[in-house]
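> Before we start, here is the structure in question, set down as structure tokens.
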Amino acid sequence: MTKIAYAFLWLFVFSLPWERFLVLPGLAIISRVTGGVAVSLALLAVVVSGQFRRWHKFHIWALLFWIWAGACFLVYPSGDRLPSKYWTYGQLLLGLWMVWELAATEARQRGLLMAYVAGAYVAALDTLAIYRQQAGAARRFAAGGADPNDMSMVLALALPMAWYLGMTSHNTVVKWLGRGFLRPGGLA
């Protein structure tokens, strides 16, 4: 069960860099669907196995921050409901928990790094293709209609991951995929 949950976590991490490719109005559906399935399967894997990894201090602090943020939003209301940023913090906490539970080994952690870099390949190559098609327009370009600032952050996060994989991986394919991302990731 843990392998299936990890596979969906891998798909979720892979979909993050290009989540804006398939959207409903205001909703990036690829990352929402893969993330929802990954969380469900991670919870099921923990329940079925009966094993819950002991949290590190960082996890406790992250949970306390989320509770504190909710309390602050309730004490200083900005409307009749909690802002979307609060729920984003909760999603980040769930992502942190999934990685902690499902990627306990170095091989699985490297696999998640490779998933993000592979997804960033999709975004970088699409951004370069859009640039090539519309180079006459004096504007910025981003894959999938995403905000160019967000896309640059996504690609900037993938660069050190790709560098790390390219320098430390023992698998030749992973090594060259990591090294190969540096050029399109840096150009896009």
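> Report, to the nearest whole %, how much of the accessible area of the chain belongs to carbon and sulfur atoms, 1.4 Å probe, protein only.
For the chain, the apolar C and S fraction of the accessible surface comes to 67 percent.
> Springs between alpha-carbon atoms under 10 Å, Gaussian network over the chain: tell me which of I130, I30, I67 tops the mean-square fluctuations.
I67
> Grab the DSSP H runs of the chain that are 4 residues or longer, score each as -39,500 (n - 2.57), total them, divide by all residues and round the 222 nm result to the nearest 500 deg cm²/dmol.
-25000 deg cm²/dmol
> Further, regarding this structure: Counting only heavy atoms of protein chains, what accessible area per residue, in Å², does the chain have with a probe of 1.4 Å?
Heavy-atom accessible area per residue stands at 63 Å².
> A further question on this structure: Considering only protein heavy atoms, what is the solvent-accessible area of E106 at a probe of 1.4 Å, reported in Å² to the nearest 10?
110
> Next question. Could you state the number of Å between the C-alpha centres of region 25-64 and region 140-186?
What the calculation gives is 25 Å, centre to centre.
> Something else: Bins of 5 Å, beginning at zero and ending with the bin holding the largest distance: percent of Cα pairs per bin for the chain, please.
1, 8, 13, 15, 17, 17, 14, 8, 4, 2, 1, 0
> A further question follows. In nm, what is the difference between 0.36 nm times the number of residues separating T172 and L157 and their Cα-Cα distance?
3.2 nm
> Connecting C-alpha atoms closer than 10 Å in a GNM of the chain, tell me which of V173, V154, V46 has the biggest fluctuation.
V173
> With the chain treated as a Gaussian network of Cα nodes joined by springs under 10 Å, which of A71, A146, A103 yields the largest mean-square fluctuation?
A71
> Still on this structure, I have one more. Among the lysines, which fall within straight-line cross-link reach of K85, defined as a Cα-Cα distance under 30 Å, with same-chain neighbours fewer than 8 residues apart omitted?
K57
The values are calculated or read from the model by the stated rules, or taken from the named source; none is laboratory data. Nothing here was measured: the structure is a model prediction, and the numbers come from that model. Side chains are part of the model used for accessible areas, which takes the heavy atoms of the whole protein and leaves out ligands, DNA and RNA. Shrake-Rupley method; radii C 1.70, N 1.55, O 1.52, S 1.80 Å.
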